[in-house]
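Quick note: the coordinates plus some simple rules give every number you see, no bench work behind them. Since we're looking at a predicted model, the values are computed, not measured. Cβ sites come from the backbone with ideal geometry, for glycine too, and all protein chains shown count toward neighbours.
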Amino acid sequence: MVLLSLSCESKGQQALNSCGEIKKLVFDADYAKAYGLPELEFELEYPSNMAVDFAAEGKRNLNYAAFYTNDGAGNRSDMVSIGYYTLEGDLGRTIDVLNESLISQIRSLYVNNFDLSFEFSGKKEFDGKEFHMFQATGSIDRPEANFAGTYNVQAMLIRPTPLADTGVIFIFQANQNSEISSIEDFGKKGCSSIIWNSLKFKE
């Protein structure tokens, strides 16, 4: 039993080692101001074999950044995007309702673009904490957009503090050619797990 456990850990570590050199990124107020994003400040680490799409000048930026690897056909196989949301209203009284509305908007994007075989919307525990989230498994055939295959998806609303009215939308997406074979693998397997496990907001 001990040998089996060590073997599994070794294979998992080998998979992460194949992700390449680990680099650090800091998203500060200056970055946010430059690209029209809410002034959230956070840092993370990402592996060098993941390509990065940063925010850019002259366009409406929905993400601070997106990180991805492609499979042999050029489709996104392991991906993380870090967007944002801002809640408005009486936060003490309606924060759950507002969060549910945001999750509903995220859900509609997947319902309209994927053939879903499973979906969940609501509060759920992930990595020891409870988040409002949307989870899904579904297929898509849009190679022109670099998405084809069967994908597992998990989108979470993450606030830097319990009462913050602005937070990030953290989305995992992985297809059948990634190390991630189920939703339960998010944050544990694949190169995207390095990003999740290093994400920290400035205190």
Quiz prompt | Exposed-site-free run, longest, the chain (rule: trypsin sites (Lys or Arg not before Pro); DSSP loop; at most 15 other C-beta within 10 Å) | solution = 61-187
Quiz item: Is the shape of the chain best called rounded, prolate or oblate, per the rule: a/c under 1.5 gives rounded, else a/b larger than b/c gives prolate, else oblate, with a ≥ b ≥ c the square roots of the Cα gyration tensor eigenvalues?
Solution: rounded
Quiz item: Using the alpha-carbon atoms, what tilt in degrees (0 to 90, nearest 10) does helix 2-17 show relative to the longest principal axis of the chain?
Solution: 60 degrees
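Given Lys33/Lys123; Lys59/Lys189; Lys124/Lys188; Lys129/Lys189; Lys123/Lys200; Lys124/Lys200, which pairs have Cα atoms separated by over 27 Å? Write down the numbers at each step before the final one.
On the way: Lys33/Lys123 31 Å; Lys59/Lys189 33 Å; Lys124/Lys188 17 Å; Lys129/Lys189 18 Å; Lys123/Lys200 21 Å; Lys124/Lys200 20 Å.
Result: Lys33/Lys123; Lys59/Lys189 exceed 27 Å.
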Quiz item: Net charge near Ser48, counting Lys/Arg +1 and Asp/Glu -1 over other residues with Cβ under 10 Å of its Cβ?
Solution: 0
Quiz item: Fewest to most neighbouring Cβ within 10 Å: what's the order for Leu62, Leu44?
Solution: Leu62, Leu44
Quiz item: For segment 37-44, what does the Karplus curve 6.51 cos²θ - 1.76 cosθ + 1.60, with θ = phi - 60°, yield as ³J(HN,Hα) per residue in whole Hz, taken in order and with x for Gly and Pro?
Solution: 10, x, 7, 8, 10, 8, 9, 7
Practice problem: Run the numbers on segment 151-190 and let me know its relative contact order in percent, using alpha-carbon pairs under 8 Å that are six or more apart. | Solution: 40 percent
Practice problem: Hey, can you grab everything whose amide H is under 5 Å from the amide H of Tyr151? Only 5+ residues off in sequence or another chain; H modelled, so Pro and N-termini drop out. | Solution: Gly138, Ser139, Ile140
